[in-house]
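Q: Take a look at this one; I'll ask things after.
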Amino acid sequence: MKSILEVIKLNRLVSEWRENNNTIALVPTMGSLHSGHISLIKEAKILASKTVVSIFVNPIQFGRGEDYESYPSNIESDKKKLEKEEVDIVFIPDLKQLYPMGIDTDTRITVPYISEILCGQHRPGHFSGVATVVAKLLAACKPDFALFGKKDYQQYLVIKRMVSDLLIPTLIVGLPTQREKDGLALSSRNKYLSEVERKIAPKIYLSLQKASEIIRIGPSNFNNAKQELINELEAFGMKVEYFELRRATDLALPKNDEKSFVILIAVWLGKARLIDNIAIDL
Ligand code: AMP
């Protein structure tokens, strides 16, 4: 595995690969790798002949007072995990590589509407930061495929929409959420949980499963059940930011004849803001 720190070197290597008829898959991450990331890498290796994993903690997707400064980082252990998966390149740019003119005057990409609801409403500017950095990574790597986890379902849709709108010739692949045995979605931010909070955290997925059963009986039942489900979670000391039933394709409010839904949730548990979701096809 090659470690590459500079965009220009990545450009050179992927051009060589292309000349030799390789296909390329990119897995963008913020590091602190867990089995959720590894599941994306394994799929990338199936899809393409060369795999690039990027590690970059992107400052412009964090709001003021969020955890940019304290975001968990462990590059050496990440590299070992990537070696084991036989990744071809780990791309670890610094800030100057991705924001050569600095972050304040940098070009921003905005995907309207879908970026402003749910997580976007509670984290203004977050998805613009995500879309911008992913556009840069796609430009730097020119992959055939880029893989994203549906754990961050709204992010996955924002990226799909951006790539479609900007005519970027990369196929965006979304993969299922990897979970702990007790149902908690794997996340680098689970490290922020205390021992007691960690035991409580699986209630989030349990609540999504309960909501999913209710929707299977009839989607209109969700609104009546929602407050009770929120109360249950809050009784465990969580603060529910949102708990919403949406149309799976674009997160719009579902119409009466809707068949394909996603329930999305964001909660605060101690210092951790945790998100999760569950898809339902009727
Ligand atoms: P992050 O490092 O948190 O920015 O995540 C990098 C990629 O891994 C994103 O596409 C995430 O959606 C994906 N990812 C994070 N957690 C999981 C998980 N539990 N299961 C599947 N994919 C995940």
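The values are calculated or read from the model by the stated rules, or taken from the named source; none is laboratory data. Given the structure is predicted, the values throughout are model-derived calculations rather than measurements. Positions of Cβ are generated from backbone atoms using ideal geometry, with glycine treated the same way; all protein chains shown enter the neighbour counts.
Q: Look at segment 81-115 and say how many of its residues are of a type in the set (Asp, Glu), over 21 Å from the mean Cα position of the chain (by Cα), in a loop (DSSP other than H, G, I, E, B) and closer than 23 Å to residue 11 by Cα.
A: Result for segment 81-115: 3.
Q: So which residues in segment 167-197 are closer than 17 Å to residue 266 by Cβ and of a type in the set (A, V, I, L, M)?
A: Within segment 167-197, 184, 185, 186, 193 meet the criteria.
Q: Of 77, 39, which residue is touching a strand residue (DSSP E or B) at 6+ places or on another chain (Cβ under 7 Å), at pLDDT 95 or above, surrounded by fewer than 21 Cβ atoms within 10 Å (Cβ to Cβ) and in the same structural domain as residue 140 (by TED's automatic domain parsing)?
A: 39
Q: Follow-up. Need at least 1 residues that are closer than 26 Å to residue 73 by Cβ, away from the ligand (no atom under 13 Å from the Cβ) and at pLDDT 95 or above per element, so show me which helices (runs of 4 or more DSSP H) inside segment 154-249 make the cut, counting only ones lying wholly within it.
A: Helices (runs of 4 or more DSSP H) meeting the threshold: 195-200.
Q: Name the residues in segment 233-282 that are exposed (fewer than 15 other Cβ atoms within 10 Å of the Cβ), free of Cβ contacts under 8 Å to residues at least 40 places away in the same chain and either of a type in the set (Lys, Arg) or assigned by TED's automatic domain parsing to the domain that holds residue 66 (or both), would you?
A: Once the filter is applied, which keeps residues that are exposed (fewer than 15 other Cβ atoms within 10 Å of the Cβ), free of Cβ contacts under 8 Å to residues at least 40 places away in the same chain and either of a type in the set (Lys, Arg) or assigned by TED's automatic domain parsing to the domain that holds residue 66 (or both), segment 233-282 yields 239, 255, 259.
Per-residue answers, yes or no, for (1) in contact with a helix residue (DSSP H, G or I) (Cβ under 7 Å, 6 or more places away or on another chain); (2) closer than 16 Å to residue 145 by Cα; (3) away from the ligand (no atom under 13 Å from the Cβ):
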site	(1), (2), (3)
6	yes, no, yes
14	yes, yes, yes
18	no, yes, yes
43	no, yes, no
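Q: As an exercise: evaluate residue 78 against (1) under 17 Å from the mean Cα position of the chain (by Cα); (2) within 11 Å of the ligand (Cβ to nearest atom); (3) not hydroxyl-bearing (Ser, Thr, Tyr) and give the number of the one condition it does not meet.
A: Going through the list (1) under 17 Å from the mean Cα position of the chain (by Cα); (2) within 11 Å of the ligand (Cβ to nearest atom); (3) not hydroxyl-bearing (Ser, Thr, Tyr), residue 78 breaks only (1).
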